[in-house]
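Student: The structure that follows is given in the form of structure tokens.
The values are calculated or read from the model by the stated rules, or taken from the named source; none is laboratory data. Here the structure is a predicted model, which means the values were calculated and not measured. FYI the Cβ positions are ideal-geometry reconstructions off the backbone, even for glycines, and counts take in every protein chain you see. Ligands, DNA and RNA are excluded from the accessible area calculation, which covers all protein heavy atoms including side chains. Shrake-Rupley method; radii C 1.70, N 1.55, O 1.52, S 1.80 Å.
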Amino acid sequence: MKVTVLGKYGPYPKQGGATTSYLVECGGKKVLLDAGSGSLSRVQEFCALDDLDLVILTHLHSDHCSDMFILRYALKGKTLPVFLPRMPEKEYGILHACPCFDTVEISETLDCEIPGTNVKLSFCKTIHPVECYAVKFREGQDSFVFSGDSRYSGPLTDFCKGTGTFLCDSGFLSSQEDTGALPHMYVREAALTARRAGVKRLLLTHINPVYEEKKLLDEAAAVFSPVEIVKELEQYHI
Ligand SMILES: [Zn+2]
């Protein structure tokens, strides 16, 4: 499997950047994993939009799905399967009504293979203000989990056990006050999840443009290694 970072920022991009989106190539298929702002322009540096085989949306916040509302204008005579949560109703309804999208509702009981491959998908509900799922890709001995957005979560930690590469939401530095309603993990919690789950490698993403990346990396590295902050347009082999 190969993961190309199309956008790593949230909730808005740095100048020249994009918000959450990855191109996952596995089993000969091309999967767009989240579709934040700027992702459609970026993905075309790697494949034509008509060559996408599947879209998976972890949740329907705009920094993870806004370019889906543009993709509907670009697909010509093709129906693209889209896995997504059922809520929020408004965003789901717009995407569900698009003739170019064949929508499949994500749930924790949805265990399936990407059609035509041996790649298995499974999902774990996260802690976030809207319905959101982490997703696991497994192909033979190789595995990859993307957290979606989440606060620290015991079930997510269990879901990551035995995973090779863990790509995790790392929204906050420890200097950020916890009001009890933060929608993301502290970066040290991302690292703690990786350590408790025993993953082989931690990749940090959902980078808030206001933070210095070195500070994020230092807080994570104090808890877990190997760890790195993903780079946009970089390709990671799983
Ligand atoms: Zn979100």
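Student: Suppose a student asked you for the relative contact order of the range 34-127, using Cα pairs under 8 Å spaced at least 6 residues apart; what percent would you report?
Tutor: 23
Student: Now, a different point. When only DSSP loop residues count, what GluC sites (Glu not before Pro) in the range 1-91 have their Cβ near at most 12 other Cβ atoms within 10 Å?
Tutor: For GluC sites (Glu not before Pro) across the range 1-91 that sit outside H, G, I, E and B with at most 12 neighbouring Cβ atoms in 10 Å, the list reads GLU45.
Student: Out of the GluC sites (Glu not before Pro) in the range 151-238, which ones are loop residues according to DSSP with at most 16 other C-beta atoms within 10 Å?
Tutor: In loop regions of the range 151-238 (DSSP not H, G, I, E or B), the sparsely surrounded GluC sites (Glu not before Pro) are GLU177, GLU212, GLU234.
Student: Still on this structure, I have one more. Under a 1.4 Å probe, what is the accessible area of the range 152-238 per residue, stated in Å²?
Tutor: With all protein chains present, the range 152-238 gives 45 Å² per residue.
Student: Report P(r) for the chain: all Cα-Cα distances, bin width 10 Å, range 0 to the bin holding the largest distance, values in whole percent.
Tutor: 8, 36, 40, 15, 2, 0
Student: Can you pull the percent of the range 31-111's accessible area that's carbon plus sulfur, 1.4 Å probe, other chains left in place?
Tutor: 52
Student: Let me ask something else. I want the antiparallel fraction of DSSP beta bridges within the chain, as a percent rounded to 5.
Tutor: Once the DSSP bridges in the chain are tallied, antiparallel ones form about 55 percent.
Student: Given the range 1-94, what count of lysine pairs have C-alpha atoms under 27 Å apart, with each pair 8 or more places apart or on different chains?
Tutor: Counting lysine pairs in the range 1-94 gives 15.
Student: Compare the peptides 204-210, 36-42 by average per-residue count of other Cβ atoms within 10 angstrom and give them in order, highest first.
Tutor: With the highest mean Cβ count within 10 Å placed first, the list reads 36-42, 204-210.
Student: Here's another thing I want to ask about it. Taking the Cα centre as origin and putting +1 on Lys and Arg beta-carbons and -1 on Asp and Glu beta-carbons, what dipole magnitude results for the range 83-238, to the nearest 20 debye?
Tutor: That gives a dipole near 440 debye.
Student: The range 201-238 to the range 161-180: how many Å between their Cα centroids?
Tutor: 10
Student: Among rounded, prolate and oblate, which fits the range 56-177 when a ≥ b ≥ c are the square roots of the eigenvalues of its C-alpha gyration tensor, a/c under 1.5 means rounded, and a/b larger than b/c means prolate?
Tutor: oblate
Student: How far is it, in nm, from the label point at LEU182 to the one at VAL104 when both lie 7 Å from their Cα along the line to the Cβ?
Tutor: 3.5
Student: At 1.4 Å probe radius, can you tell me the per residue accessible area of the range 1-113 in Å²?
Tutor: 41
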